[in-house]
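Note sheet for the following structure.
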Amino acid sequence: MSEERLRKRVQREKKARMEAEKILEDKSRELYERNTQLKELSENLEKQVVQRTQDLKVAHDKALSAVKAKSEFIANMSHEIRTPLNGVLGMLTMTLDTQLTEKQKKWIGNAFNSGQHLLSVVNDILDFSKIEAGKMVIQMEATDVISLTRGTVSGLRSIAKEKGIELACQFPKQFPSYIDADPLRFRQILTNLISNALKFTSEGSVNVSIKQTQERYTLKVEDAGIGMSEKQIGRIFNAFGQADGSITRQFGGTGLGLTITQYFIDMMGGNITVSSEKGRGSCFIVELPLVEQDALSKEQQLRAVSADGRFESAEVLLVEDLIVNQEIAEYLLNRANLKVDIANNGKEAIEAIEKKDYSVVLMDLQMPVLGGIEATEIIRKKYSKEKLPIIAMTAHATKEHKDEVLSKGMNDHVSKPIETSELYRALAAFLTFEQDKELKDKNKEPATEKQQVPTSDTQNYAGLDIVQGLARVSGKTGFYCRLLRSFHDSYQKYSANLKRHLSAQEWDESIAVLHALRGSSLNISANELAEHTSTFERTLRDASYDNVLELESKLFKLGEQVESSLLEYLAQHQ
Amino acid sequence: MKGIVFTEFMELVESKFGEDTMEDMLEAADLSSDGSYTSVGTYDHNELVKMVEELSKITKVDVPDLIKAFGNHLGVVFYTKFTTFFEQADGTLEFLKSIDDHIHVEVAKLYPDAELPVFAYKEHEDGSFHLFYSSTRGFSDLAHGLIEATSGYYKESFSIEREDSIEGSTHKTHFVLTPS
């Protein structure tokens, strides 16, 4: 190779090398720059992530506290609305028990119904806010579902009657009365389903039936209402979701009822299913697990049986600061044959029990001067639970709350607004029922008492147990005569009213008259009449109307018998 | 065109035909780069065309044969330098199938300015494999040589038939590979 070519070649190689080096330098500079950019970018990204996470957390916390504030506000507002509303309803109930003209009765009845509706809306909202806040507690206990269902159905009968819809019930003859459920919530489930059925049915009937299989209690509520499409069914269990917007406009409602219903059923280990056809009606089926009867305590059964009635006279101290609540509680206690003294706060209560022996103290918790819990703690230093039972009355019905008052020395707990049966059940643990006493008296003292009354005196008065009647008034004939006269006066009124209500098929009104008649009969020991009245009343409450005529004629026959006997007795003893 | 094609071409010319032939070729081609190439650079593909034409004149070997021989050489360089790509395929046909979808995708990442030819394919029921090459540069012969080198790597043998055509500025070649 020539020198010239060699030189060229070296030249070429050198040029290539320099070019390669330049490319490499450019590339490494580019690489460095890219690297720097990348690093900045990644640092920025990290900063952004930190910043955004921070922002999100703030927003999240804000949202959470807003929701919490909203829930609390709703819960408080509902509570604030409920308290005065209960006052209004209590007063209306009392007014309804007084002598009223038909017009007044209708108006007050309407006011009462509207108030009850408002209360149910507020209760729904309160329940829903509790469920949302995860604070809803279900208190399972062996519950007498049959009587609960009967009671609920008979309470809704007036709505059905107003709309001209038949509300039919079918209960199996043999049914274990007790299932594991929260009675309060169970009633809510029933009320929701039945009142929905009534609401959406304009003609025809609503059928409520109970069936029982080996392990399950099945409740079926069937209506002949507007029905729903598949799509609408999917929506009804959502909160605030009704079948569609037009439903809200036409029928009203919060859209919370079924959401709450489903929640309660879930909590009780059951399930709910719906079938429906548009224009034909809907059918809701609830299944709940049954509990074995052996699992029931005797006490529970006893308490459930004696939910309604009169006590052997006793003195009760009512500690309550609100006048409205005082009046309602006093009324309920008086009705149950109890004498009531009132203390306006814990301090007055302590002073009162120093002066008199009370059988039971009913104690509100939140009161001025001295609260219920503080007062109880002071009382317990001197009087044991056995010596002086104290029943707390409070608007808070949670288990925690109940446990707390029990730990502070109270014997039991009833929730406000006071429900008659709950109050009587609580009192029954410390007081004696009149019926129980009668039984005891019968067993204990037949011989001695009977001897005091001439036998001839007792045999001729069919329908009247003169011996027992006199014994009740400590053998004072004059007083017994006064009772008989008073019965005679009211019997005329009762029988006229009863005939009228029965012929108009006004069942609720008929039940009320029968209930009153039973009380009057017991006062004079017209035992057969009292017993039959009670049977009649129970039959109507069960919504079985097949034998009404028969029962009615027997009632009046027994009534006339008592009337003639008492008139004869009065004629002989005056 | 990537520098490696040029540097490998120079290597091949020097080793097969000697330094003097290479210098004659360079002088006759009178290139703007003076034949000074580096594998990391990028150069005008016309310089390669010019060099091959001059080499053909000097050596009296046809241009297509020269390019195909270069393709054979380049194939060996590829499978020596970029073994991974070859190891990922089980045989010639599978490798050829992966050029467009895999290998050229990776090459484009490494050299964003590279202008790569397209290799479409079709398998016929009779067992023949149809490869459709298209490029603006018209290096069908280079592709042919590369295919041969590839089958050499996998120790497979195919009879290769081809049909060239030009559509506008695009050179197209339809290769048919039949196992032999």
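The values are calculated or read from the model by the stated rules, or taken from the named source; none is laboratory data. Not measured: the values here are computed from a predicted model. Here Cβ is always computed from backbone atoms with ideal geometry, including for glycine, and neighbour counts include all displayed protein chains. For accessibility, only protein heavy atoms count, side chains too; no ligands or nucleic acids. Shrake-Rupley method; radii C 1.70, N 1.55, O 1.52, S 1.80 Å.
Per-residue answers, yes or no, for (1) open to solvent by less than 90 Å² (accessible area, probe 1.4 Å); (2) within 10 Å of another protein chain (Cβ to nearest Cβ); (3) not in a helix (DSSP H, G or I):
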position	(1), (2), (3)
A:10	no, no, no
A:13	no, yes, no
A:19	yes, yes, no
A:34	no, no, no
A:38	no, no, no
A:46	no, no, no
A:50	no, no, no
A:56	no, no, no
key: Which numbered condition residue B:5 misses (of (1) open to solvent by less than 20 Å² (accessible area, probe 1.4 Å); (2) within 14 Å of another protein chain (Cβ to nearest Cβ); (3) among the aliphatic types (A, V, I, L, M))   = (2)
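Table: residues versus (1) open to solvent by 20 Å² or more (accessible area, probe 1.4 Å); (2) at pLDDT below 75; (3) in a helix (DSSP H, G or I); (4) under 21 Å from residue A:394 (Cα atoms).
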{"site": "A:286", "(1), (2), (3), (4)": "no, no, no, no"}
{"site": "A:302", "(1), (2), (3), (4)": "yes, yes, yes, no"}
{"site": "A:326", "(1), (2), (3), (4)": "no, no, yes, yes"}
{"site": "A:330", "(1), (2), (3), (4)": "yes, no, yes, yes"}
{"site": "A:334", "(1), (2), (3), (4)": "yes, no, yes, yes"}
note = Only one of (1) farther than 30 Å from residue A:148 by Cβ; (2) modelled with pLDDT of 85 or more; (3) open to solvent by 40 Å² or more (accessible area, probe 1.4 Å) does not apply to residue A:463, and that is (3)
query = Taking the stated definitions as given, is residue B:49 at pLDDT below 95, touching a Leu at 6+ places or on another chain (Cβ under 8 Å) and away from chain A (no Cβ under 14 Å)?
reply = no
ask   = Restricting the search to region B:26-51, which residues are without any contact (Cβ under 8 Å) to a residue 24 or more places away in the chain and closer than 30 Å to residue A:26 by Cβ?
value = B:30, B:31, B:32, B:33, B:34, B:36, B:46, B:49, B:50
request  = Please enumerate the residues belonging to region B:102-152 that are in a strand (DSSP E or B) and not basic (Lys, Arg).
outcome  = B:118, B:119, B:120, B:121, B:123, B:129, B:130, B:131, B:132, B:133, B:134, B:135
key: Of all residues in region A:265-282 being over 27 Å from residue A:139 (Cβ atoms) and in a loop (DSSP other than H, G, I, E, B), the one that is least open to solvent (accessible area, probe 1.4 Å)   = A:279
task = Taking residue B:99 as the residue in question, decide whether it is crowded, with 16+ Cβ neighbours inside 10 Å, touching a strand residue (DSSP E or B) at 6+ places or on another chain (Cβ under 8 Å) and either among the β-branched types (Val, Ile, Thr) or part of a helix (DSSP H, G or I) (or both).
result = yes
Residues (open to solvent by 20 Å² or more (accessible area, probe 1.4 Å) and more than 18 Å from residue A:316 (Cα to Cα)) located in region A:349-372 = A:366, A:367, A:368, A:369, A:370
note = Pairs returned, first residue in region B:90-101 that is under 15 Å from residue B:145 (Cβ atoms), second residue that is charged (D, E, K, R) and at pLDDT 90 or above, beta-carbon separation under 6 angstrom, 6 or more apart or interchain, are B:92/B:156
ask   = Does at least one position in region A:127-136 carry a residue that is in contact (Cβ under 8 Å) with a residue 40 or more places away in the chain, in contact with a Lys or Arg (Cβ under 6 Å, 6 or more places away or on another chain) and in a helix (DSSP H, G or I)?
value = no
request  = Any residue in region B:14-25 that's more than 10 Å from chain A (Cβ to nearest Cβ) and under 20 Å from residue A:3 (Cβ atoms): show its pairings with residues that are assigned to a helix (DSSP H, G or I) and aromatic (Phe, Trp, Tyr) at Cβ separation under 9 Å, as long as the two are six or more apart or on different chains.
outcome  = B:25/B:17
request  = Answer with yes or no whether residue A:26 is in a helix (DSSP H, G or I), loosely packed, with under 12 Cβ neighbours inside 10 Å and within 14 Å of chain B (Cβ to nearest Cβ).
outcome  = yes
ask   = So which residues in region A:129-154 are open to solvent by 50 Å² or more (accessible area, probe 1.4 Å) and within 30 Å of residue A:545 (Cα to Cα)?
value = A:147, A:150
request  = Please enumerate the residues belonging to region A:499-513 that are open to solvent by less than 40 Å² (accessible area, probe 1.4 Å) and in contact (Cβ under 8 Å) with a residue 40 or more places away in the chain.
outcome  = A:502, A:507, A:511
request  = Working carefully through the options A:92, A:118, find the one that is within 25 Å of the chain's Cα centre (by Cα), open to solvent by 80 Å² or more (accessible area, probe 1.4 Å) and among the aliphatic types (A, V, I, L, M).
outcome  = A:118
ask   = Among A:438, A:348, A:374, A:354, which is the only one that is of a type in the set (Asp, Glu), modelled with pLDDT under 85 and over 30 Å from residue A:182 (Cβ atoms)?
value = A:438
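Yes/no per residue for (1) within 15 Å of the chain's Cα centre (by Cα); (2) not β-branched (Val, Ile, Thr):
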| position | (1), (2) |
| --- | --- |
| B:90 | no, yes |
| B:131 | yes, yes |
| B:138 | yes, yes |
| B:150 | yes, no |
| B:158 | no, yes |
| B:161 | no, yes |
| B:180 | no, yes |
query = Hey, among the residues in region B:36-46 that are at pLDDT 90 or above and assigned to a loop (DSSP other than H, G, I, E, B), which one's farthest from the other protein chains (Cβ to nearest Cβ)?
reply = B:44
